[in-house]
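One structure is given below, encoded as structure tokens.
The values are calculated or read from the model by the stated rules, or taken from the named source; none is laboratory data. Everything numeric in this text was worked out from a predicted model, so none of it was measured. So basically every Cβ, Gly included, is an ideal-geometry build from the backbone, and we count neighbours across all protein chains shown. For the accessible areas, the whole protein counts, side chains as well, though only heavy atoms, and no ligand, DNA or RNA atoms are used. Shrake-Rupley method; radii C 1.70, N 1.55, O 1.52, S 1.80 Å.
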Amino acid sequence: MSAARQPTPTRPAPPANRRPERLRRLPAGRTLVVLAVLAGLGVLLLALLVGNGLNATTISGLPDPGPLTVYGLPLVRLLLDVLATLTVGLAVTAAFLLPGDGPSVSAPGYLLLRRVTGLAAGWAATALVLIVLTVSDLLGAPPSGLGVAAVVSFATSISQGQSLLLQAGLAAAVAVLSWVGVSRTAAAATAGLAMVAVLPPAFTGHAAGAGNHQIAVTSLALHVLAATVWVGGLAALLMLRRSAMLAEAAARYSRLALACCLGVAVSGVANAWVRLCGWDQLWQSRYGWLVLGKAGALLLLGGLGAAHRRRTLPALRAGRPGVFARLAAGELVLFAGTVGLAVALSRSPTPVPTDPVEADPLVELLGFTPPAPPTPARLFGDPLPDMFFLTVCLLGVAGYLTGVWRLRRAGHRWPPSRTASWLAGMVLLAAITDLGIARYAYVLFSAHMIQHMVLSMAVPILLVGGAPVTLALRALRRPTDPQVHGAREWLLLLIHSRPLRLLTHPLVALGVYTVSLYGLYFSDLLGTLMRYHLGHLAMLTHFVVAGYLLFWVLIGVDPGRPRPAPPLLVIIHFAAMMAHGFFGLILLQSTTVIAPDWYTAVHPDWASSLLDDQRLGAGIAWAFGEIPAAVVMMVLLRQWIRADQREQARLDRAADRADATGEEDDLARYNAFLRAAAQDDAASPARRTGEAASPT
């Protein structure tokens with residue numbers, strides 16, 4: 001009876017809005033998008049009014065281009081930055097923050113790459129629209145009054161137009177690559193290409209027009225890249241807020257965001273220092289007010305990041321993603337406002353004019369005041385800091401010492417000689433690219449040749465001696481998830497990849513090193529690279545990379561392509577020495593000035609003639625290689641001797657094992673073969689004599 005009186009359990013009827021649960025959540029996402037757009041637009045318009053960006057024209061005296069350009073240019077610039085940020089963030093997350101599915105990206109990573117395709121295509125189209133609006137702003141004419149020839153000429157002849165056209169092409173390539181490739185390697189290539197596509201406009205505009213290109217341009221490029229990865233990664237995580245992979249991806253993003261935050265802060269301070277021309281301009285200029293506002297936003301964003309590490313990451317691991325979503329949504333809205341502030345800064349006039357009326361063309365060309373006659377104090381005590389090489393050296397030293405510390409903490413020994421070699425290479429790299437010699441390398445061929453020889457020979461030998469790849473493979477931690485590729489896994493893929501195996505082939509490495517000598521100086525390439533800051537950075541970086549490849553093949557101990565036999569390495573080293581010596585002799589006998597357009601424009605009055613200075617540089621190139629070549633030859637001979645000793649020790653151990661087990665080893669079989677051959681040789685004369693005496 002009691003059982004009959006119990007009510008029959010029934011499943012409660014679903015609420016009317018239960019089925020469209022996804023639709024019910026969509027307004028929250030739409031609301032977030034609307035809030036982010038409103039924050040970006042509101043901060044942009046307010047900052048333009050405060051910084052006088054709406055009334056600023058690139059060239060004074062030109063007519064007003066009209067409201068479409070005045071208001072449309074910053075809005076399109078904001079849209080371009082948003083699309084670029086989302087493209088980079090989604091690509092980086094799909095390639096590096098999410099686990100994979102064997103050789104391919106995971107299902108969430110695949111969906112992110114499909115979104116990257118549309119975002120990158122929109123990015124490319126927006127860059128093309130921005131070209132038209134920029135021409136309108138420069139010429140003071142509405143877009144409808146522009147001719148096709150004017151737009152094409154700007155996009156192909158002016159540096160600002162070239163950078164936007166290049167960015168459009170790179171963004172289109174990102175769209176294609178993200179659509180056709182779903183492997184982890186293709187995703188990594190997509191992310192890398194997207195990050196490269198962010199950089200071209202950083203080499204024009206305020207930074208390129210300000211003094212000290214070496215700090216202004218490079219610091220802006222680092223600032224833009226770090227901020228893009230930081231903001232875009234957070235947006236990608238919000239798209240994954242209902243994924244089971246969110247907790248681990250957020251933990252990896254947290255470490256990446258910390259590095260990006262530090263990069264944004266340091267590069268922002270350096271860039272503001274160049275543009276403000278004194279810290280008093282922070283409160284005495286409208287541009288300084290915007291910088292202070294951006295600094296305050298950065299501090300607030302850093303605080304939110306700390307809150308993520310302290311509160312939301314543990315909540316995610318506990319299965320409560322709502323805490324992360326709420327805080328990340330607020331952070332993304334703040335990021336949108338910060339992006340709008342950054343766009344307004346790019347449109348606002350700086351206290352240091354980028355187009356002064358009485359500009360010194362030589363200062364505009366070099367980026368600094370031409371140096372006085374060289375003295376030891378000026379060569380080594382008048383620095384010309386370059387943010388790119390300073391960052392590389394600081395990260396190289398910090399990363400190497402961290403690896404050594406990890407090994408020692410784990411109880412493993414790392415040779416102090418390798419540490420000393422790496423640190424010496426980094427110090428020498430920083431000195432040759434950031435001290436006074438770097439100033440003279442712009443205006444004197446002889447100083448440039450000193451820089452070339454040090455970067456292509458001395459620095460690579462020291463860096464190769466540090467065995468950085470071996471240290472990294474031993475010190476980097478493996479991810480807990482085997483489907484996740486960490487830094488160690490990507491490094492292994494790189495050193496075993498086909499492109500690197502090709503580049504580390506002895507003949508290819510020798511060819512790259514030789515071409516960097518003859519191809520640069522016996523063509524018009526040197527003058528072109530010296531004229532652009534990006535080209536100059538690429539040239540100096542190529543010197544180091546070409547030398548590193550050659551000496552890694554010759555004397556390197558890091559894993560990679562199997563090492564050739566020591567005699568072959570000695571021959572390759574002799575070939576490199578001969579190519580280097582012939583280059584110096586040919587340059588000494590040349591009567592043609594190299595890169596005449598550049599060196600004629602920057603040649604100082606106190607220096608000797610161009611041809612005399614070139615011959616001095618040729619003598620430096622011919623004589624400089626003697627000591628490094630001798631050092632490399634000594635290392636090769638030492639490795640050859642050690643290889644013979646190891647081989648002899650291996651044969652002795654094999655012989656001992658054979659004596660202990662009663663079996664013949666390779667050496668015993670070889671000796672038996674020699675004895676049998678000797679007996680056959682001794683018996684052959686008697687056999688021939690017997691054959692001659694016997695009747696036919």
With Rh as the Kirkwood radius over Cα pairs, region 479-612 has Rg/Rh of 1.10
Roughly how many nanometres apart are two label points built 7 Å out from the Cα toward the Cβ at residue 380 and residue 365?
-> 3.1
Give the accessible surface of region 81-134 per residue, rounded to a whole number of Å², with probe radius 1.4 Å and ligands, DNA and RNA excluded.
-> 30
Per residue, how much space in cubic angstrom lies within the convex hull of the C-alpha atoms of region 136-188?
-> 101
Distance in nm between label sites at residue 515 and residue 638, each 7 Å beyond Cα in the beta-carbon direction?
-> 3.3
What spacing in nm lies between the two simple spin-label points modelled at residue 592 and residue 408, each 7 Å away from Cα in the Cβ direction?
-> 5.5
